[in-house]
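No lab work stands behind these numbers, since they all come straight from the coordinates. On a predicted model such as this, the values are computed, not experimentally measured, just so you know. Neighbour counts are summed over all protein chains in view; Cβ atoms, including those assigned to glycine, are modelled from backbone coordinates with ideal geometry.
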Amino acid sequence: MDALRAASYREGAGTWFSAKFTVTAAGAFTAEYNYDEEPEWTHEIDSIAYVTDQKHFPRDEEHQPEWEKAKLAEGRVWIAERDAREARERGE
């Protein structure tokens, strides 16, 4: 999936967030790619994962859906808090 997402990446526009693949008994194949809607995961994805994804597949702000902007902001806060906590633990 990582290679497929990377191959689908477009500079500034990013890549898809989730995909649905269907194969019928007759062997027909379809693929649907979600570029804009927040994925419906079976388990919660923490916001730091979206920050990491943005580093690997950057999207210009005008191509970021509002839900993604919120996840990125939340993830950046969590990262800053984690980094500050780790610095305190190291005595910095």
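Dipole magnitude of the chain about its Cα centre, charges +1 at Lys/Arg Cβ and -1 at Asp/Glu Cβ only, in debye to the nearest 20?
280 debye
Relative to the first principal axis of the alpha-carbon coordinates of the chain, what is the inclination of helix 47-56, with its axis defined by its Cα atoms, in degrees from 0 to 90 and to the nearest 10?
With both axes taken from Cα atoms, the answer is about 70 degrees.
Just to confirm the filter: which trypsin sites (Lys or Arg not before Pro) across the stretch 43-92 are DSSP coil and have at most 11 other Cβ within 10 angstrom of their Cβ? Don't skip to the end; give the middle numbers.
Values: sites: 55, 59, 69, 71, 76, 82, 85, 88, 90; in loops: 90.
Here the trypsin sites (Lys or Arg not before Pro) that fit, given the DSSP loop and packing criteria, are 90.
Can you list which of the chymotrypsin sites (Phe, Trp or Tyr not before Pro) found in the stretch 1-68 are DSSP loop residues with at most 12 other C-beta atoms within 10 Å? Don't skip to the answer; put the middle values down first.
Values: sites: 9, 16, 17, 21, 29, 33, 35, 41, 50, 67; in loops: 9, 16, 17, 35, 41.
In loop regions of the stretch 1-68 (DSSP not H, G, I, E or B), the sparsely surrounded chymotrypsin sites (Phe, Trp or Tyr not before Pro) are 41.
Return the sequence-ordered ³J(HN,Hα) values of the stretch 71-82 in whole Hz as given by the Karplus equation 6.51 cos²θ - 1.76 cosθ + 1.60 applied to θ = phi - 60°, using x for Gly and Pro.
Values per residue, Gly and Pro as x: 5, 5, 4, 4, x, 5, 5, 4, 5, 4, 5, 4 Hz.
Of 31, 73, 13, which is the most mobile in a GNM of the chain whose springs link Cα atoms less than 10 angstrom apart?
31
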